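Working notes, beginning with the structure itself.
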Amino acid sequence: MVYSSIAIIALLVQLIINYDVIMNKTSSKVSKNNKSYRRFIIGSIFYYVTDILWGFFDEQKMDRMLFFDTTAFFLAMSLMVMLWTAYATDYLDEKTRFGKALRIVGQLFFMISPPALIINYFYPILFSINSECEYHPGTIRYLLLLIQILLFLLTGIHTIVLSMKVSKEKKVRYRAIGAFGIVMTALVLVQVYYPLLPVYSVGCMLGTCLLHTFIYEDEKAEYRNKLEKLLQQEKESKKALHTARTAANTDPLTGVKSRNAYLEMTADIDSSIIDSSAADFGVIVFDINGLKNINDTKGHEEGDRYIRDGCMMICRKFTHSPVYRIGGDEFVVLLKGSDYENRESLLSDFDEQIERNHLLGLVSISTGMAIFDPDTDTQFSEIFDRADKKMYERKKKLKSELVPVQ
């Protein structure tokens, strides 16, 4: 059972290190040649099974079973060679004459095996098994091994030469494929002279370990690194987007919410009104009086200070509600929470302060308030229009009834 034990170890190693490949649990993005690699791995498993059974039947002296298993062994070996050449050319993306020839020879090698094995059943051109379970190689066997040696050797040398022309990342992977070819060449040569040694299984195990470590695992590591970079870029993009959004939604002069934020807010409220989920809210429209005169007589820098002073008064009074600057001298407060509940007293206090300011020639602001009525209001603009109308009425009152101190 020594012969079978080596093949069993090779099979277990294959199953363990390539479990995710065999079960097809890998991401298709890890390698564009993942399907070719998986087919090659499954083909090698088929070969290991025939090799394991060969040792068992030989140990039990079951000559008929040994003959049929040896037939399956040759078929599995030719299948693996074809799958190997397919994987190598797929990975190298070989579309040259050499690549196409390598692939075709691999396919032809597999195609001639079934007819040769059928002929071997009647006339031993590949091998024979006598009643004592003694294995005798035939002439064609050596020809098939020679073809394999040439395929593995040419692939190995060609890949190593190509590795000198590729990037640093690919160089190791190309050399792994080249090393597989060289290792298999050496061990097939041993198999020629020692047909009863399980060196083919050993070579296949060593080769697939090379492929798994230096190609498959390396590609997964590269893919993880790419994912990490993409995630980092996404975080940076989100951060930049958040910064840009914050900037777009913040008025640069006063620091309150901008017109862009105001438009987003009105759109959200319109949606909530449509689906009947809008909570109670109120709107106060503010218009700073006399800004044009200040800009004309004292300059825009003083006008900006005047706007900031007016905005500060609004923010200090309505501390629990968002404040929006929607125009040069226009502000809107969306009344929420305690500000909404205490709206009458807050607005009354604010207007009284404005009247004193107006008389003293300080910041003067006209106000108008309206409350959302779920029974009649169908969109935000209707509440705004009522508040805006009251604001203009208040502006007229301040101009006509209150005369500033000269």
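Nothing in this text is a laboratory measurement; each read-out follows from the coordinates by a stated rule. The shown structure was predicted, so the numbers you read here are calculated from the model rather than taken from an experiment. Here the Cβ is made from the backbone with ideal geometry for all residues, glycine too, and neighbour counts use every protein chain on show.
Overall, the ratio between the Cα radius of gyration of the stretch 1-118 and 2.2 N^0.38 Å, rounded to two decimals, is 1.20.
A Cβ-based charge dipole, computed about the Cα centre of the stretch 61-127 with Lys and Arg at +1 and Asp and Glu at -1, lands at about 140 debye. If I take R0 = 22 Å and measure r between the Cβ atoms of PHE98 and SER167 in this structure, what FRET efficiency does the formula 1/(1 + (r/R0)^6) give, to the nearest 0.05? For PHE98 and SER167, the calculated efficiency is 0.55. Think of the chain as a dipole: +1 on every Lys or Arg Cβ, -1 on every Asp or Glu Cβ, centred on the Cα centre; then among VAL183, ILE294, SER167, VAL183 lies furthest on the positive end. With Cα atoms as the point set, the radius of gyration and Dmax of the stretch 2-231 evaluate to 18.4, 66 Å. Once whole DSSP H runs in the chain are found, which of them have Cα atoms spread over 30 Å or more along the helix axis and a mean Kyte-Doolittle score of at least -1.0? Within the chain the helices that satisfy the rule are 34-60, 63-92, 97-122, 139-163, 168-193. Over all distinct Cα-Cα pairs of the stretch 259-401, the Kirkwood formula returns a hydrodynamic radius of 15.7 Å. About its Cα centre, the stretch 2-231 has a charge dipole of approximately 1260 debye under the convention of +1 per Lys or Arg Cβ and -1 per Asp or Glu Cβ, with nothing else charged. The residues neighbouring LYS235, those whose beta-carbon lies less than 14 Å from its own, together hold a net charge of 0 under the Lys/Arg +1, Asp/Glu -1 convention. Simple rule: put +1 on each Lys or Arg Cβ and -1 on each Asp or Glu Cβ in the chain, find the dipole, and look at PHE384, PHE40, PHE122; the Cα lying farthest toward the positive end is PHE122. Among the GluC sites (Glu not before Pro) within the stretch 45-134, those in coil by DSSP and having at most 10 neighbouring Cβ atoms inside 10 Å are GLU132. Within the shell defined by Cβ-Cβ distances under 11 Å, the residues around MET82 carry a net charge of +2, with Lys and Arg each +1 and Asp and Glu each -1.
At 4 °C and 1.567 mPa s, grab the translational diffusion coefficient of the stretch 278-326 from Stokes-Einstein with a Kirkwood Rh over Cα pairs, rounded to a whole number in µm² per second.
105 µm²/s
Candidates GLY255, ILE307, SER348 compared by Cα position along the dipole of the stretch 227-374: farthest toward the positive end lies GLY255, with charges placed on Cβ.
For the stretch 33-118, applying the loop criterion from DSSP together with a ceiling of 12 other beta carbons within 10 Å to the trypsin sites (Lys or Arg not before Pro) yields LYS61, LYS95.
In the structure shown, the pairs LYS100/LYS168; LYS25/LYS95; LYS35/LYS171; LYS235/LYS336; LYS239/LYS298 are assessed against 31 Å; a Cα-Cα span above that value is assigned to LYS235/LYS336; LYS239/LYS298. Dipole size of the stretch 136-244 about its Cα centre, with +1 on Lys/Arg Cβ and -1 on Asp/Glu Cβ: approximately 300 debye, rounded to the nearest 20. Restricting the trypsin sites (Lys or Arg not before Pro) of the stretch 150-190 to loop positions (DSSP other than H, G, I, E, B) with no more than 14 neighbouring Cβ atoms within 10 Å leaves LYS165. Taking each of LYS292/LYS395; LYS292/LYS317; LYS257/LYS317 in turn, the alpha-carbon distance tops 19 angstrom for LYS292/LYS317.
Helices in the chain, meaning DSSP H runs of at least 4 residues, each add -39500 (n - 2.57). Divided by all residues, the mean residue ellipticity at 222 nm is -24000 deg cm²/dmol. Diagonalising the gyration tensor over the Cα atoms of the chain and scaling each eigenvalue by 5 before taking the square root yields semi-axes of 90, 22, 16 Å, largest first.
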